[in-house]
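The values are calculated or read from the model by the stated rules, or taken from the named source; none is laboratory data. If you're wondering where the values come from, they're calculated on a predicted model, not measured in any experiment. Cβ placement follows ideal geometry from the backbone for every residue including glycine, while neighbour counts extend to all protein chains displayed. Quick note on the areas: whole protein, heavy atoms, side chains included, nothing else; ligands and nucleic acids left out. Shrake-Rupley method; radii C 1.70, N 1.55, O 1.52, S 1.80 Å.
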Amino acid sequence: MRNIERKFLVLDETIDNNDEVESLLNLVFTPQRNKLGSYYFRENVSRVEFLCKVIMNDYGHIIGSIRYWPVYIGKKKFSCLLLGPLAVHPTCQGEGIGAKLILRTLNLAEKYGWERVILVGDESYYSRFGFKKKLAKDLIFPKPVNQDRLLGLELKPGSFKRVKGLVSRFE
């Protein structure tokens, strides 16, 4: 039996997708997800729209979603992207949908001059994309978060070198 790789089309998330994306996020993370520390950075802050993407199945249903938010780090207010949430429908996990969303958007972020990205997630999953705990070791979240799950990625080599301190909301 041949292994047939499915082709997934990455699309811009639109305002019309919002309800379906929110339903996917509730399914993957539960409706209580907005109580997590990382959601503090998303309240009343506009997403980085050109990096918010979805993948739909053959029936037009969203099976994958990724969003990004702008944040500042430290007293010097270094700009940074906060990746998340990334969600893949449970019946489609393991098919490369999350990886495709991450790779596409990180390449786009780099192309448009973003230098660094942080996220709260599993290093065992995100390390294959270059995310590392050690890059985020000098960062402080203002809300409770498991520091072992705070990861950083340099889109521009050395961009975390002098970056340390409090992660703050974009305002």
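Observations on the structure shown:
- Each residue in segment 51-60 was checked for being over 13 Å from the mean Cα position of the chain (by Cα) and either without any contact (Cβ under 8 Å) to a residue 24 or more places away in the chain or part of a loop (DSSP other than H, G, I, E, B) (or both), and 4 of them qualify.
- Enumeration of residues in segment 29-50 that are modelled with pLDDT of 75 or more, open to solvent by 70 Å² or more (accessible area, probe 1.4 Å), more than 22 Å from ASN107 (Cα to Cα) and within 15 Å of the chain's Cα centre (by Cα): PHE29
- Total residues in segment 132-155, condition open to solvent by 40 Å² or more (accessible area, probe 1.4 Å) and closer than 16 Å to ALA109 by Cβ: 1
Quick grid of which residues meet (1) part of a helix (DSSP H, G or I); (2) within 28 Å of LYS7 (Cα to Cα):
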residue	(1), (2)
GLY64	no, yes
TRP69	no, yes
LYS75	no, no
PRO85	no, yes
LEU106	yes, yes
GLU110	yes, yes
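- For segment 103-125, a residue qualifies if it is under 17 Å from VAL145 (Cα atoms) and open to solvent by less than 30 Å² (accessible area, probe 1.4 Å), and the qualifying residues are VAL117, ILE118, LEU119, GLY121.
- Single condition TYR59 does not satisfy, out of (1) over 28 Å from GLU154 (Cα atoms); (2) open to solvent by less than 60 Å² (accessible area, probe 1.4 Å); (3) not hydrophobic (A, V, I, L, M, F, W, C): (2)
- Test: residue in segment 11-28 that is surrounded by 15 or more Cβ atoms within 10 Å (Cβ to Cβ), assigned to a loop (DSSP other than H, G, I, E, B) and among the aliphatic types (A, V, I, L, M): no
- Residue selected from segment 156-171 under the condition part of a loop (DSSP other than H, G, I, E, B) and not basic (Lys, Arg), by the criterion most open to solvent (accessible area, probe 1.4 Å): GLU171
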